[in-house]
Every structure is written in C-alpha cells, then in structure tokens.
Amino acid sequence: MQVQASHDRSQLEDSCTDGVIATIVEFVAAFKSEVEGWAALFKTLSKDAQRQPTALPGAIKIKKALVVLEKVDAETSSKEALLACQSIMKEVLLGLLDVTFALEEEVAKGSFKDDCAIAAANLHLDKAVEWAQTLQRLFASNEVEPTAAALQSAESLGPEILEMLANAAKKQGGSTAEATEEDGKYTESREEWQNVDGRMGCLLDTELWEVVCWRRGTFRYKCAFTRIKEAEEAQEQDEDEAEEAGEQHREMTGLPSEAQLRTSYDALRTMLRAQGPVRSELDHPSVWRLTKDSSEDETATLLHHGIYSSTHLLGLKQQAELAYWLWKYYPSSENIKLADRTLREFVFIVEGIMPDRGWTAEIEKKRGKEVHLAARSAGALADGTEAGPRCGDSNSTMDVLEEEFGSMDVQQEIDRMKKENDVKDEQEKEAKDRKLRTRSKGKQKKKK
C-alpha cells in the first residue's frame, strides 16, 4: 500500500488548525491546501482499494468540491463565503468518508497489521473534524448562522415525540421536586450541547455528523478488538512456555493505548449525542431497573438513552466493551466507574426495554458483575456509593446489586461467582497440563 510518510501523526498534528486560523481568508487558503491533499488520496491507495465501489466516487466528490472552493472569494461578503464553505465542507466530508472506507476495508482484510495505514485512516477523519470545528468557530465569531437542514436534532422532533420524551423523563424522575431538578439539569445539558455537538450537527447536518462520529469510533474499536484478541492469545502462549521453562510470566504486550480506547469511546458517545443531549446521562444508575412493565413508552425510553436506531445500539454495545477494556487493562477509579455505568446501561436497554428482539447482553451482564465486585472492593461505583453496605441507604452497593441482578441473597451470588471462577481456574490448569504433556511427548518423539 502506498502510504507516504506525510501521513505520520506528528506531521499531521503540527498542521493542526485549532487556534491558528482567525479569518475567513486564512481558512479558505489553508483548507484549499488540505483538500488538494485529500483529492490526491485516491492515487495513494493500492489497486485493490481503488477498486472498492466507494473509492472512485468519493475521490470525484472531493475534486468537484475543490473546484468550487477555488472559486470562493473570501474577501467579499463574509456570510456568502462562510455559507459556501459550509456546503463545500459537507461535500468534502462525504467524499472523504467514501475514500477512507476503501482504505479501512483494506486494513481490515490485512487483519489490522498496517500501523501506518491505520494511522492515516484515523487521522484523515480526525483532521476533517478539526477543519469543521474551525469553520464552526468562524461562523460564531462572524455572527453568521449556518444553513440548517429541515430536521436537525431531537430538539426539532414533532410534538408527539417530545411528549413521549417528557413522559419518560417524569416516570424515571421520581417526585415532582426531583423531576423539576432533573428538568433544570437537562436545560443546562441542552445549552451545553447546543454550544458543542449541536453546532456541529447544524454545520454538517445531523446525519453526516453522526456518520463521521460512528466511523471514527467503530474503526478504532475494530482495531482495538483485533489487537486485544492477539495480545491475549500471545499472552496465553507465553504463560504456557514460561511455566514449562520454570520462568516468570511476562507482561501482556501489543495492547492498544488507553488514549486510543478512550478516543473510540468518546467518538461513539458523541454519535449518540448528535441528535440531542442524552437524558440518561443525568440518570442515577439505580433507576435502570429490569421490570416487566408494558412497553407502551418503549420508543421514548430508547430516545431517553440516545438510541435512535440499531446502529446507535451497536455503538453503545461497542462502548460497553471499550469501557470494560479501559478498566481491565488500565484500572483507575474513573475507568471502573465508566465501565460500571456503561455496562449497566446496555444490559438495561437490551433486557429491560427491548427483550426478545434478537439482541443479547449475556457477556455484558457477566462483565457487569465482574466490574461490580471490583468496584465494591475499590469503593468506586458509578452511582457514587462507597464499598460495603450502609444501613438505611437505599442506594448502597448491596441494594444496587440486588436491583441489578435480582438476587435474594447477594452474598450467595458472590459465593457462586467465586466458585465458578475456581472451577474455571482448575479447568485452565488442567488444559495447560495437557498441553505440557503433549509437548513433552512431541519432544521425546523428535529425540527418537
């Protein structure tokens, strides 16, 4: 694959637009240079990648956008120039998504072995987001409103949807005083959203912004999944060899960095926020109870959690796995809370809101128990409770465990899990012994 050294992360980050471009004239000149590079991206792809159905159409979109960009007169009306740049930005992004998809597909076929290609695929979209953010700031500083699409976000949904959202919030909000407090918090959250994700959705259109966030998050997730699987398999082999040689086990290597996992998680979370602030972010996790109530408000409850489609639910599932990896390989108080909350939310949605729909949360449920026990020991649950039960506290760790997993005796549940782990450890030990015996027999045969 022809990926030049200019795609290296440090060189791309050196040209970061953040805080550098202050005028429309500067933006048009600098963005034009960037788009010229993207227009030539197709030629750097391998022949197989060029034959991908999205590659050539994407390259053509970028070149057409470049032609229009070259005609923009940034020194005339600032409003006209900005609106022209907005339209061009959307076309460039659409083309870039198509071209980089071909690159990502080739990387996947190569089992994510090409680090340079992975970096290039990630950084092209990362840079595109930086350019979009810079353009959005120019709109704000020049007091110009971007051209809005007909449907921008959950805030502009019809009155029926808004009423369903309000009813779902009231049901989960508790008393009137609590609901009023939640409404106040949601108003603050909405204002914050409007100044960040809402502006990006308005600039690029909500659907395009969602796709950009999805692609940035899910490609990194796939890379991480492959690397972690390889690292775990290599670690298992190293442990077998070290045990056979009587040596100490070596530390696991080849894992994705904490920053890579977090970037993927954040991108997927932003996708869920593209259509509006996610109300469930303000929830106390204890309100996510598995019940057998009717599903008349199912749609509103899903929207409450930012789930607008199966892709959004898949995004949350990937978030749950990323959060688990963050805790497992980079343990910290922040990561354990993140894993605890995200796993519980996904389990609640799949098993509590939409059971028997073809989705399963068995793995997440098992991991959730594992994280709960670790959080209980560390005193760091997502709901802010401390380790150990507290008398009279309805949100104690033991109560949360009972609500989440429906156990009449939580200690019995913990003992059962410990017994399962002991059995698993014994089975793994027996498997290792069999491997050692097999290898020993093989060596004896070779000597003969």
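We did not get these values from a lab; they are worked out from the coordinates using the rules stated. Only a predicted model underlies this, so the values are computations on that prediction, with no experimental measurement involved. Cβ coordinates were reconstructed from backbone atoms using ideal geometry, including for glycine residues, and neighbour counts include every protein chain displayed.
A few notes on this one:
- A full extension of the chain between E258 and K113 corresponds to an added length of 50.3 nm, given 0.36 nm per residue minus the alpha carbon distance.
- Neighbour-count ranking [beta-carbon atoms within 10 angstrom, fewest first] of V196, V212: V196, V212
- Calculated FRET value between K79 and K366, using beta carbons and R₀ = 41 Å, to 0.05: 0.15
- For T147, T76, order by how many other beta-carbon atoms lie within 10 Å, fewest first: T76, T147
- 25 Å Cα-Cα threshold exceeded, pairs from K90/K127; K113/K369; K109/K369; K109/K337: K113/K369; K109/K369; K109/K337
- Length released on extending from K63 to S333, taking residue separation times 0.36 nm less the Cα-Cα span: 92.4 nm
- From least to most packed, judged by other beta carbons within 10 angstrom and beginning with the fewest, R367, R137 follow the order R137, R367.
- Extending 7 Å from Cα along the Cβ direction at E230 and again at V287 yields two label points whose distance is 4.4 nm.
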